[in-house]
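Enquirer: Quick one: structure below, then a few questions.
The values are calculated or read from the model by the stated rules, or taken from the named source; none is laboratory data. A quick note: this is a predicted structure, and the numbers were derived from the prediction, not measured. Here Cβ is always computed from backbone atoms with ideal geometry, including for glycine, and neighbour counts include all displayed protein chains. SASA here: full protein model, heavy atoms, side chains in, ligands and nucleic acids out. Shrake-Rupley method; radii C 1.70, N 1.55, O 1.52, S 1.80 Å.
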Amino acid sequence: MSKKIRKKRTKQINHNTRGGKVMKDQQKGDDRMNAKQWAAFALAAAAGLSACKHETGENSGGKTIPQRDEIAAEYRWDLASMYENNAVWEKDFAEMEAMLPKFESFKGKLTDGKKLLEALKLRDKVSARIDKLYVYAHLQKDLDTRISENQALADRIATLENSYREATSWLTPELLTIPEADIEKIIKATEGLALYERFFKVLNRSRKHILNDREEALLAMSGNVTRSAGRIFEALTTADIEFPTIEDENGEKVQLSYGRYSKMLENKNPDVRRRAFEGMYGTFEKFQNTNATIFDANLKGYAFIAKARNYESSLEMALSPNNIPVSVYEKLIAATHENIEPLRRYMKLRKKALGLKDLHLYDTSVSFVKGGDREYPYEEAKATILEALHPLGKAYTEEAHTVFNSRWVDVYETQGKTNGAYSWGTYEAHPFILMNYNESRDHMFTLAHELGHAMHSLYSNRTQPYIYADYTIFVAEVASTLNENLLLDYLLKKAANKDEKLALLDQWANNIVGTFYTQVLFAEFEKAAHDLVAQGVPVTADKLNETYFTILKSFYGDALILDEAYKLTWGRISHFYSPFYVYQYATSIAASTYLYQKIAEGDTEATEKYLTLLKSGGNDDPIELLKKAGVDMSSPEPVQHTLQKFDWVLTEMEKLLGNDE
Ligand SMILES: [Zn+2]
């Protein structure tokens, strides 16, 4: 269903901070690609979830969070551009509900080219509208999660979506009864069907994973159950969670929140950072057994679908919609372990620069640069980002200007608003960006990141038919991180002094830790966790803790102190409810770092190819799309290139730091 892309922010990704970023991504995409109805489960998990809390760090330390009406309208979403009010939404809802029985009339008639085309068009139409209904309901809910009316709207659209799945669940199995060669003939003989060629290609690829009519209907009906782990996790970790009150740097008591937590990890006072860490992980420790049970349900739900659909493993199922071999995933983990040294080198550099006797994991977000932490008011951030994006051309920046200045961005943290940041749009409405902007440089980068997603959606929706407009995360995070690379480059060139330069280089390094190393660490953990289920090992809090901590140690070695409570990190990562998702952050940053280099060098052909990638949506497999854009993800080159750049950045930082002494 539609596309929601959450950011994992740099540090956010660090352990101390967030874990999540996210998606929602393919959901509908899969469903409409229908060939992948099966994969709908993956999305399902993601969908229901929409949870994905990766906190972005929100409002700056203020003790009270404003109410929505205290924020100027221009900094709040105008959802009326989507639906004027709930009554209009209801009308659309009723209309779609009434359309569902129509699918029945196509049953048994799909060998008739005209009927087939009609059925597919109807499905596109209903699916696109359900996207819109779904996104509106969820955007509204995210603005104030405390309002039960908003929750009710979201629940209802989830039910309608399920009915839609049921109403169309016979379609793919029926298509599969038609031999490939016959389908080819039907396409050739029917004007208009050529549009669906790729759809049929993907369908053919998944023939052996699609079940018969009755079984598909059962799986569709089970959606509400198999999706529930993510929803329970979200309820537990957002609505019900209660954080303690802790002392801030001024000795004042403040209540910990996700937003304050990430802010506190950037605090210069090591005691504040330690207290924030203890408050956060102490809270998660209290319900670790409940949390492990939810996690187990998530793993088992996924394993159930994988087995039902004849996959060798949950991993194989997760990668198959994108046609990515399991070996790519495994090689990514192996290659990272071969290049683990720069990560440890960076930690040692931090320890020295911070002048700490002991460096803890919660000390890895704080800036060690004097005066390197100036604030970026929202208006200044917008202007800076637009300047930085110039290499992408006038058309791109002009459109970006529209995104920023048309109430498509909900800027500030308000009471009850969901945390983190994301971009979420649908084919029938422009994208919306959610922020909890706190004026930090980090948040300015998050804004550039989300803008990248929003622009990608705009370009793709405009260029592609509905059925191919959704792009996969594998490609999505290239569009967002490339913007971050451009912003960083721009700021580095403009850096007024050594400290500013150092702060930016450190941000880049931190980003690689968060977006690359940490995501690979998560990816390795996920595989290990799913393997436990496959091997019949009971999934308990102890087992998850042990598994996580072992992998964590294999990354950091003795480069810093790993407090034991970090073993609980698995319990905070909402992305794990969209299994095998996060590795794509690592592959994406590698791809975008590689592509960025050419664009920054002024290679206009490379820029053109890149913009074509944005316009291509999901009209080909992601690895193919990226190949056309100039980067081959089945080769080790992009990863090597990225880690070489990391190494170079560390050397530059060491030089700048050395001059100090
Ligand atoms: Zn993103």
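Enquirer: Kindly check whether there is at least one residue in the stretch 500-517 that is more than 16 Å from the ligand (Cβ to nearest atom) and under 25 Å from residue 429 (Cβ atoms). Spell out the reasoning first.
Expert: Step one: filter the stretch 500-517 for residues more than 16 Å from the ligand (Cβ to nearest atom), giving 500-510, 513, 517.
Checking the rest, the ones that are also under 25 Å from residue 429 (Cβ atoms) come to none.
No, the stretch 500-517 contains no residue that is more than 16 Å from the ligand (Cβ to nearest atom) and under 25 Å from residue 429 (Cβ atoms).
Enquirer: Which of (1) in a loop (DSSP other than H, G, I, E, B); (2) in contact with a Ser or Thr (Cβ under 9 Å, 6 or more places away or on another chain) does residue 511 not meet, given it meets every other one?
Expert: The number of the failed condition is (1).
Enquirer: Quick check on this structure: which one of 145, 172, 159 is outside any helix (DSSP H, G or I) and among the polar types (S, T, N, Q)?
Expert: Working: 172 fails: outside any helix (DSSP H, G or I); 159 fails: outside any helix (DSSP H, G or I).
Exactly one of 145, 172, 159 is outside any helix (DSSP H, G or I) and among the polar types (S, T, N, Q), namely 145.
Enquirer: Just to be sure before I move on: is residue 558 more than 23 Å from residue 304 (Cβ to Cβ), of a type in the set (D, E, K, R) and open to solvent by less than 20 Å² (accessible area, probe 1.4 Å) in the structure I sent?
Expert: Working: more than 23 Å from residue 304 (Cβ to Cβ): yes; of a type in the set (D, E, K, R): yes; open to solvent by less than 20 Å² (accessible area, probe 1.4 Å): no.
When the stated conditions are applied, residue 558 does not pass them.
Enquirer: Something else about it: Filter the stretch 632-654 for residues that are open to solvent by 50 Å² or more (accessible area, probe 1.4 Å) and either outside any helix (DSSP H, G or I) or touching a His at 6+ places or on another chain (Cβ under 8 Å) (or both) and give the result.
Expert: 632, 634, 636
Enquirer: Moving to a separate point now. Do we find that residue 577 is in contact (Cβ under 8 Å) with a residue 12 or more places away in the chain, open to solvent by less than 10 Å² (accessible area, probe 1.4 Å) and farther than 25 Å from residue 328 by Cβ in this structure? Reasoning before the result, please.
Expert: Numbers: in contact (Cβ under 8 Å) with a residue 12 or more places away in the chain: yes; open to solvent by less than 10 Å² (accessible area, probe 1.4 Å): yes; farther than 25 Å from residue 328 by Cβ: no.
So residue 577 does not fit the description; no.
Enquirer: Let me ask something else. Of the residues that make up the stretch 582-591, is at least one surrounded by 23 or more Cβ atoms within 10 Å (Cβ to Cβ), at pLDDT 90 or above and over 23 Å from residue 509 (Cα atoms)?
Expert: Within the stretch 582-591, none of the residues are surrounded by 23 or more Cβ atoms within 10 Å (Cβ to Cβ), at pLDDT 90 or above and over 23 Å from residue 509 (Cα atoms).
Enquirer: In the stretch 284-298, how many residues are surrounded by 19 or more Cβ atoms within 10 Å (Cβ to Cβ) and free of Cβ contacts under 8 Å to residues at least 60 places away in the same chain?
Expert: Looking only at that region, the number is 0.
Enquirer: Determine which single condition residue 396 fails, assuming it passes every other condition in (1) assigned to a loop (DSSP other than H, G, I, E, B); (2) open to solvent by less than 10 Å² (accessible area, probe 1.4 Å); (3) more than 16 Å from the ligand (Cβ to nearest atom).
Expert: (1)
Enquirer: Across the stretch 592-617, what is the number of residues that are open to solvent by less than 10 Å² (accessible area, probe 1.4 Å) and part of a loop (DSSP other than H, G, I, E, B)?
Expert: Qualifying residue count for the region: 1.
Enquirer: Consider residue 378 carefully, then state whether it is crowded, with 17+ Cβ neighbours inside 10 Å, among the aromatic types (Phe, Trp, Tyr) and more than 16 Å from the ligand (Cβ to nearest atom). I'd like the intermediate steps shown before the answer.
Expert: Numbers: crowded, with 17+ Cβ neighbours inside 10 Å: yes; among the aromatic types (Phe, Trp, Tyr): yes; more than 16 Å from the ligand (Cβ to nearest atom): yes.
Spelling it out, residue 378 is indeed crowded, with 17+ Cβ neighbours inside 10 Å, among the aromatic types (Phe, Trp, Tyr) and more than 16 Å from the ligand (Cβ to nearest atom).
Enquirer: Restricting the search to the stretch 216-234, which residues are open to solvent by 20 Å² or more (accessible area, probe 1.4 Å) and part of a loop (DSSP other than H, G, I, E, B)?
Expert: 222 - this is the single residue of the stretch 216-234 that is open to solvent by 20 Å² or more (accessible area, probe 1.4 Å) and part of a loop (DSSP other than H, G, I, E, B).
Enquirer: Exactly one condition in (1) under 19 Å from residue 71 (Cβ atoms); (2) within 16 Å of the ligand (Cβ to nearest atom); (3) touching a Lys or Arg at 6+ places or on another chain (Cβ under 7 Å) is not met by residue 409; state its number.
Expert: (3)
Enquirer: Looking at the stretch 235-256, can you tell me whether even one residue there is open to solvent by 10 Å² or more (accessible area, probe 1.4 Å), in the same structural domain as residue 576 (by the TED database), among the β-branched types (Val, Ile, Thr) and within 21 Å of the chain's Cα centre (by Cα)?
Expert: Checked against the condition, which is being open to solvent by 10 Å² or more (accessible area, probe 1.4 Å), in the same structural domain as residue 576 (by the TED database), among the β-branched types (Val, Ile, Thr) and within 21 Å of the chain's Cα centre (by Cα), the stretch 235-256 yields at least one hit.
Enquirer: Sticking with this structure for a sec: Name the residue that is least open to solvent (accessible area, probe 1.4 Å), counting only residues in the stretch 262-276 that are in a helix (DSSP H, G or I) and in contact with a Ser or Thr (Cβ under 7 Å, 6 or more places away or on another chain). It would help to see each step written out before you state the result.
Expert: Taking the stretch 262-276 first, the residues in a helix (DSSP H, G or I) are 262-264, 270-276.
Remaining after also requiring in contact with a Ser or Thr (Cβ under 7 Å, 6 or more places away or on another chain): 262-263.
Details: 262: 3, 263: 54 Å².
Among those that are in a helix (DSSP H, G or I) and in contact with a Ser or Thr (Cβ under 7 Å, 6 or more places away or on another chain), it is 262.
Enquirer: I'm checking my understanding of the structure. Among residues of the stretch 299-353 that are open to solvent by less than 30 Å² (accessible area, probe 1.4 Å) and basic (Lys, Arg), which one is farthest from residue 586 (Cα to Cα)?
Expert: Going through the qualifying residues, I end up with 309.
Enquirer: Quick check on this structure: which one of 601, 654 is over 19 Å from residue 330 (Cα atoms), at pLDDT below 90 and more than 23 Å from the chain's Cα centre (by Cα)? Please lay out each step first, then the result.
Expert: Numbers: 654 fails: at pLDDT below 90.
Result: 601 is the single residue among 601, 654 that is over 19 Å from residue 330 (Cα atoms), at pLDDT below 90 and more than 23 Å from the chain's Cα centre (by Cα).
Enquirer: Here's a follow-up. Name the residues in the stretch 313-337 that are at pLDDT below 95 and within 21 Å of residue 216 (Cβ to Cβ), would you?
Expert: If the condition is that a residue be at pLDDT below 95 and within 21 Å of residue 216 (Cβ to Cβ), then 320, 321 are the ones that fit.
Enquirer: If you take just the helices (runs of 4 or more DSSP H) that sit entirely in the stretch 428-498, which of them hold at least 1 residues that are within 12 Å of the ligand (Cβ to nearest atom)?
Expert: Details: elements: 441-463, 466-469, 473-494.
Helices (runs of 4 or more DSSP H) meeting the threshold: 441-463, 473-494.
Enquirer: Follow-up question, since we're still on this one. Kindly list the number of the only condition in (1) open to solvent by 10 Å² or more (accessible area, probe 1.4 Å); (2) within 23 Å of residue 512 (Cα to Cα); (3) out of contact with any Gly (no Cβ under 8 Å at 6 or more places or on another chain) that fails for residue 361.
Expert: The number of the failed condition is (1).
Enquirer: Now, a different point. Please count how many residues of the stretch 467-507 are at pLDDT 90 or above, of a type in the set (Phe, Trp, Tyr) and within 20 Å of residue 583 (Cα to Cα).
Expert: Within the stretch 467-507, residues that are at pLDDT 90 or above, of a type in the set (Phe, Trp, Tyr) and within 20 Å of residue 583 (Cα to Cα) number 1.
Enquirer: Looking for whichever is of a type in the set (A, V, I, L, M), more than 20 Å from residue 566 (Cα to Cα) and touching a residue at least 12 places away in the same chain (Cβ under 8 Å) here; the options are 254, 272. Which one fits?
Expert: Working: 272 fails: more than 20 Å from residue 566 (Cα to Cα).
After ruling out the rest, the residue left standing is 254.
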